[in-house]
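Contents: one structure, followed by commentary.
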């Protein structure tokens, strides 16, 4: 009997011990995705932050009526379906049972309140469609009525900044989102240490099942080399804004992976077309012929990009392959300079901000233009000064970039080249062409998508011929990650959705 008891206790101890051992991996299983990026949000109030870092976080905290996925497809969001009632009215059928992170119900009242709040935000009002009014049909049906027909309606509504907020919450406390952002998104706010990190927690009540980990932490790591080192040591799961020189190291590391995708952003040098001599199309074309864009792609991007052939990138709705970049032809450039009366060149400046890549690009432009007699001064300034100077037209040339967040040519062409958008709205070339204005207005006001494509094609042909920019490149985006990171379909303007990311055991 004694031997039997000892045997039973031994078996029980073995069973308990095995049970504990089997539970340890479960307890220690990774629950936090750590993402290293080169900055932090300006605001977690969805209607106050339109910078990339704010949008990346707010895309998770808040939801929109419709969403765009990593391939820029429009998919249901808080609206499970929609229908065009007439050329100015779109009806949206809202999901039922959706709750804000604090437990408040989401209804049509919140949609109306959210859009009215957006209209009063100087940060994002320009992103909105031309809304005349929001009509509530019932608790879960709303009609969005535009002032005129608006072709890119759904594309604009998918912009990450156009998220829904709680009317009840903000009526109780209008400033509540500043300290405790609350939406209906796949993740909810947990903590934010300024200058260091932002942590979000998975929303267990989200309307769709997502594979994401329990927490996502965005780490503010300014130096690209430090982001790569942290990836190599295992400190980070994902690293964004990988430098071109580090891409090969990541590719060749068996513990890591490099995830790439062509971007739909456009990098260029803009010219102030209201200033002499840049108001002369021959000078602008001469500058274009004088620069070897392929060399810039190879030097600055280490080949991880494509020479731009249009002011919008392939992958944007409305892109045409009927345009091409100006070839590298110094003799042609000199000939045009002579025809324009600038055989002996002139002096000008190029404005840029940011890190080494931007300053290096400006210096390369400087060297090429010297070959045709243009003495170019490189001015590197703080980002706030850059935006102020280019908005007010206090520049000759400037190094710029524009991401078509909506995936629609309206966002890429109207803001950049319509005469009404000169300055802060986006047209920092101060470019004006009445025919281009007319084409962009027609395309914006048409709900016939085939017609819109034709109009945008014609507009791009005219813009490229007018040469207000030196079209440089569309870069290939690269994200570094641990080999066991799965489910990340990166976004072509870097607004990646980490709610689908999981760690493979």
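Before moving on, here are some points about what is shown:
- Given R0 = 22 Å, the distance between the Cβ atoms of residue 484 and residue 248 translates into a calculated FRET efficiency of 0.55.
- Stokes-Einstein diffusion coefficient of the chain, Kirkwood radius over Cα pairs, 20 °C, 1.002 mPa s, in µm²/s: 86
- Relative contact order of region 63-168, defined on C-alpha pairs under 8 angstrom at six or more residues apart (%): 34
- Percent antiparallel among DSSP beta bridges (both partners in the chain, rounded to 5): 75
- Computed helical MRE - 222 nm, the chain, DSSP H runs ≥ 4 contributing -39500 (n - 2.57), nearest 500: -9500 deg cm²/dmol
- Seen from all directions on average, region 264-364 presents a Cα convex hull projection of 7.4 nm².
- Taking 0.36 nm per residue of separation and subtracting the current Cα-Cα distance, fully stretching the chain between residue 120 and residue 502 would add 133.7 nm.
- Region 264-298-region 463-505 distance, computed between alpha-carbon centres (Å): 25
- Averaging the sequence gap over all C-alpha pairs within less than 8 Å and six or more residues apart, then dividing by the number of residues, gives region 265-476 a relative contact order of 35 percent.
- Region 205-236-region 56-75 distance, computed between alpha-carbon centres (Å): 19
- Spacing of the modelled spin labels on residue 279 and residue 447, each 7 Å from Cα toward Cβ, amounts to 4.3 nm.
- Here the label points at residue 388 and residue 364, each 7 Å from Cα along the C-beta direction, are separated by 3.1 nm in the simple model.
- Share of pairwise Cα separations in region 63-168, more than 23 Å, in percent: 19
- Relative contact order, percent, the chain [alpha-carbon distance under 8 Å, six or more residues apart]: 19
Where a number appears in this text, it was derived from the coordinates with a stated rule and is not lab data. Just so it is clear, the structure is predicted and the values come from calculations on it, not from any experiment. Ideal geometry is used to build each Cβ from the backbone, glycine not excepted, and the neighbour counts take in all protein chains shown.
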